[in-house]
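> Take this structure, written in structure tokens, and hold onto it; I'll ask about it next.
Please treat every number below as a calculation from the coordinates, not as lab data. Quick caveat, the model's predicted, so the values are computed rather than measured. Because the Cβ atoms are built from the backbone with ideal geometry, glycine has one as well, and the counts that use them run over all protein chains shown.
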Amino acid sequence: MSLYRSVVWFTKGLREDTNGYESASKDFVPHDLEVQVPGIVFLVTGGNSGIGKATALEIAKRDKQLLTLHLVCRDQARAEDARGEIIRESGNQNIFLHIVDLSDPKKIWKFVENFKQEHKLHVLINNAGCMVNKRELTEDGLEKNLLPILWVSVYILMTGLIPVLEKEHDPRVITVSSGGMLVQKLNTDDLQSERTAFDGTMVYAQNKRQQVVLTEWWAQGHPAIHFSSMHPGWADTSGTRCMVGFHARFRDRLRSEAQGADTVLWLALSSAAAAQPSSRFFQDWKPVSTHLPLTRTSSSPAEEETLIEILEQLAQTFK
């Protein structure tokens with residue numbers, strides 16, 4: 001990452017803390033979220049903590065007896081605790097858990113096949129992810145950062161669930177990305193960090209760039225579905241806590257999890273969001289650029305096609 005990219009990103013980020021949220025929220029239209037969603041089925045990955053849990057709780061508060069919320073989580077105990085808390089605070093009993101290890105592609109395929117046979121789906125929120133500070137491999141020999149963020153929780157889920165979404169009215173897919181992706185150009189030469197020194201923060205940021213590219217690609221191929229990705233701002237989540245020095249320096253300025261989830265809710269619920277063109281990248285209820293000025297992070301169609309080909313090959317290997 002160049003020094004210029006770092007400086008531009010950091011300067012921009014300083015305006016995206018909790019004070020930045022409070023300033024941006026003055027332009028929000030509260031009516032956008034004063035909606036009822038009877039009969040709508042939501043699925044949130046990573047819904048037992050952080051932005052995913054904050055999103056799930058706010059969704060559950062709408063139409064308590066009429067909407068359905070599915071949470072895809074890895075840890076049984078934490079998932080059950082989160083479900084209980086969401087039920088108590090929302091009064092909504094229609095909260096269903098699916099315990100799936102999103103680092104295991106075979107289990108993801110099995111979940112998708114079962115889910116599409118048994119359930120409808122209107123809104124998919126791709127939130128699950130992880131950051132590791134050293135290179136670790138799964139039992140399948142794949143780098144851990146790659147799996148839960150990129151092609152397991154996003155690519156395989158989308159491959160299996162797009163047909164389910166396309167059956168419904170006003171289907172939506174929201175992917176929780178990160179402003180960290182703004183410092184990264186799409187790189188398909190070393191997806192598993194085998195040939196370069198491992199930097200967990202930069203690998204995470206690269207994966208988030210790939211998510212945005214995938215969102216744009218799916219939007220082109222599936223116009224019946226509204227696709228969007230978003231940046232939650234500098235929020236106090238498990239991801240930022242993994243960046244120990246950054247978190248220690250800025251923790252008093254970080255957005256809350258609820259503030260980080262606010263744009264996810266707007267994209268999932270509001271008619272104003274659905275009126276925006278599909279494939280856009282959002283922050284604080286507004287579409288924003290996926291690139292910083294003069295940073296040369298744009299990718300070519302050939303590079304994006306290479307990414308898709310690699311992901312498809314990997315996904316089919318484990319089907």
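> Near the amide H of HIS70, under 5 Å away, which other amide H atoms are found, from residues 5 or more places off or on another chain, if H is placed in the peptide plane?
Under 5 Å from the amide H of HIS70 lie the amide H atoms of PHE42, LEU43, VAL44, PHE96, each far enough along the sequence or on another chain.
> Moving on. Can you classify the range 1-114 as rounded, prolate or oblate using the Cα gyration tensor, where a ≥ b ≥ c are the square roots of its eigenvalues, rounded means a/c under 1.5, and otherwise it's prolate if a/b beats b/c and oblate if not?
oblate
> Please enumerate, by chain and number, the lysines with C-alpha under 21 Å from the C-alpha of LYS12, excluding those fewer than 8 residues away in the same chain.
Output for LYS12: LYS26, LYS185, LYS208, LYS286.
> A further question on this structure: What ranking, highest mean first, results for peptides 76-86, 221-231, 51-61 when packing means the other Cβ atoms within 10 Å averaged over each residue?
Ranked by mean Cβ neighbours within 10 Å, highest first: 51-61, 221-231, 76-86.
> For the range 17-24, what does the Karplus curve 6.51 cos²θ - 1.76 cosθ + 1.60, with θ = phi - 60°, yield as ³J(HN,Hα) per residue in whole Hz, taken in order and with x for Gly and Pro?
Result, ordered by residue: 7, 5, 5, x, 5, 4, 5, 5 Hz.
> Now, a different point. Between the range 24-62 and the range 290-319, how far is it from one alpha carbon centroid to the other, in angstrom?
Cα centroid to Cα centroid, the span is 29 Å.
> Quick one: what are the phi-derived ³J(HN,Hα) couplings along the range 253-263, Karplus 6.51/-1.76/1.60 with θ = phi - 60°, whole Hz, x for glycine and proline?
My calculation for the range 253-263 gives 10, 6, 5, 6, 4, 5, 5, x, 7, 4, 6 Hz in order.
> List, in order, the whole-Hz ³J(HN,Hα) value for each residue of the range 287-304 obtained from phi through the Karplus relation with A = 6.51, B = -1.76, C = 1.60 and θ = phi - 60°; use x for Gly and Pro.
Ordered by residue, 3J(HN,Hα) equals x, 10, 5, 8, 9, 7, x, 6, 9, 6, 9, 6, 10, 8, x, 5, 5, 5 Hz.
> Name the residues whose placed amide hydrogens come within less than 5 Å of the amide hydrogen of HIS226, ignoring near sequence neighbours (fewer than 5 apart) on the same chain.
Sorted by chain and number, the residues that satisfy this are ARG172, VAL173.
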